[in-house]
Amino acid sequence: MKKNMSDYRPATRAVRAGQVRSSENEHSEPIYTTSSFVFESSAQAAARFSLEEEGNIYSRFTNPTVRVFEERLAALEGAESCVGTGSGMAAMLATCMAGLKAGDHVVSSRSIFGANQSLLKGLMGNFGVQTTFVNLVDLDAWRDAIQANTKMVFFETPTNPLMEIGDIAAISDIAHSANPDIKVVVDNCFCTPILQQPLSLGADVVLHSATKFIDGQGRCVGGAVVGDQEFVGEKIVSFMRTAGPSMSPFNAWVFAKGLETLPLRMNQACDNTMKIAEALANVPQVERIYYPGLESHGQYDLARSQQSRGGAVVSFEIKGGKEAAWKLIDQTDLLSITANLGDTRTTITHPYTTTHARWTDEDKAAAGITTGLVRIAVGLEDPLDVFDDLNFA
Ligand SMILES: Cc1ncc(COP(=O)(O)O)c(C=O)c1O
């Protein structure tokens, strides 16, 4: 019996959704490396350009390999529509450009990826869009910040690097009760749809940096906007056609293949991270651990209610500040000193002097990003080897 893709379970959707076999009957998806597509006649070209007839025109608009990735990710997020973009930042830019205009207002969590903060504060500010930044976990602050001209609410959960949890259902409810037209936008990069589906909790739009877990092997830069047909399928698509920060077919192929193994990789990475977090809890030099999979996490119950596992990133504070943190990082041999995450290879970073280096000392202090903080994005090596490599003797 033929079923709809939405009738299948996530692991099946991850492998099967979006594939359309060509006349060659290939088993694995081909990569359509073509800039444009050929028409059978002038009349067909005219019909395609006027959008009377559906079909490919030019790869800035649509491309069959990109479509496979988009449909597969939409199936996993439980969404009507998905648009692949050239990077995670291009996904954020597309969302802002498609959803906002001069005079509009945004309420955003303060704890967001640095470039997203610069985009909202700087770039969007230059175009007359104002943003109020609030404490992610303070629901009254979200309520108080919403204005008559608020059009978008934005946050990521869990946050980087302190693993704070934003209550997706509560923040969506606050925004939609104030004005049903406000778009609640959630960056789901850290959890991926395997652990958390923000749309099912009330959000309107999900953003991804496919660069991270979706690729899963640190090869390509890409992103995606996921949501309903009206906003994503029309407004985002229209912005992409005009402005062009599109995903390349090769990258789309890597990401589509990445989605096939995402459930396996995420679950293994979560198992590994949990083991490392539990081991860190017994290390005298470690003052505090930030991992939502541990019961000691201040928002453990909320995390459990909206994400199925703790995720693959753990941060901890080591006694002795920057000197101790740098020493620990520099003594590692196996771990990669790099700020990327979501790779098969475990990465280690010092947020204070890398990802958050441009923040003022006051902002870092207010956010809890201390000089002794170390972030590990756990990969697929044996977790015992990863822990041993930290050399805590
Ligand atoms: C949470 C989060 N959102 C968005 C981005 C931006 O993604 P990209 O680097 O693919 O543009 C990143 C990148 O590190 C990220 O960590």
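Coordinate-derived values only; no laboratory data. Treat the numbers as computed from the prediction; the structure is a model and nothing was measured. Virtual Cβ from ideal backbone geometry, glycine too; neighbours counted across all protein chains shown.
Summary of computed values
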{"quantity": "Compactness of the range 262-389 as Cα Rg over 2.2 N^0.38 Å, two decimals", "calculated": "1.02"}
{"quantity": "Rounded FRET efficiency, nearest 0.05, which uses the C-beta distance separating Glu24 from Gln217 and R0 of 25 Å", "calculated": "0.40"}
{"quantity": "Mean Cβ count within 10 Å, highest first, over the residues of peptides 282-292, 98-108, 308-318", "calculated": "308-318, 98-108, 282-292"}
{"quantity": "Size of electric dipole in the range 8-258: Cβ of Lys, Arg +1 and of Asp, Glu -1, about Cα centre, debye, nearest 20", "calculated": "560"}
{"quantity": "The range 262-389: relative contact order in percent, alpha carbon pairs under 8 Å with at least 6 residues between", "calculated": "30"}
{"quantity": "Cα lying deepest toward the dipole's positive end in the chain, options Val237, Cys82, Val184, charges on Cβ", "calculated": "Val237"}
{"quantity": "Percent antiparallel among DSSP beta bridges (both partners in the chain, rounded to 5)", "calculated": "55"}
{"quantity": "Amide N of the range 58-84 lying under 19 Å from the label point, which is placed 7 angstrom from the Cα of Asp228 along Cα→Cβ", "calculated": "74-83"}
{"quantity": "Relative packing of peptides 2-11, 118-127, 211-220, 241-250 - highest average C-beta neighbours within 10 Å first", "calculated": "211-220, 241-250, 118-127, 2-11"}
{"quantity": "Net charge over other residues, Cβ less than 13 angstrom from the Cβ of Ser28 (K, R count +1; D, E count -1)", "calculated": "-1"}
{"quantity": "Cβ-placed point charges (K, R +1; D, E -1), dipole of the range 173-233 about Cα centre in debye, nearest 20", "calculated": "320"}
{"quantity": "Volume per residue that the Cα convex hull of the chain spans, once the total is divided by residue count, Å³", "calculated": "152"}
{"quantity": "Two-site label geometry, Tyr58 and Glu323: point separation in nm, points 7 Å out along Cα→Cβ", "calculated": "6.0"}
{"quantity": "Bridge type composition, the range 133-207 - antiparallel percent by DSSP, nearest 5", "calculated": "0"}
{"quantity": "Euclidean distance of C-alpha centroids, the range 1-73 and the range 99-152, integer Å", "calculated": "35"}
{"quantity": "Over the range 56-206: Kirkwood hydrodynamic radius from C-alpha pairwise inverse distances, Å", "calculated": "15.9"}
{"quantity": "The range 262-389 - share of DSSP beta bridges that are antiparallel (%, nearest 5)", "calculated": "85"}
{"quantity": "Residues Arg304 and Ile337, FRET efficiency given R0 of 41 Å [Cβ-Cβ distance, rounded to 0.05]", "calculated": "0.80"}
{"quantity": "Total formal charge among the other residues, if their Cβ is under 13 angstrom from that of Val374, Lys/Arg +1 and Asp/Glu -1", "calculated": "0"}
{"quantity": "Computed helical MRE - 222 nm, the chain, DSSP H runs ≥ 4 contributing -39500 (n - 2.57), nearest 500", "calculated": "-10500 deg cm²/dmol"}
{"quantity": "Calculated FRET value between Val38 and Ser177, using beta carbons and R₀ = 35 Å, to 0.05", "calculated": "0.10"}
{"quantity": "Electrostatic dipole magnitude of the range 3-72 [Cβ: Lys, Arg +1; Asp, Glu -1; Cα centre; debye, to 20]", "calculated": "360"}
{"quantity": "Length added when fully stretched, Asp140-Asp363, from 0.36 nm per residue minus Cα-Cα", "calculated": "78.2 nm"}
{"quantity": "Mean-position separation - Cα centroids, the range 169-240 and the range 359-378, in angstrom", "calculated": "26"}
{"quantity": "For peptides 274-280, 76-82, 22-28, 298-304, sequence by mean Cβ density within 10 Å, most packed first", "calculated": "76-82, 274-280, 298-304, 22-28"}
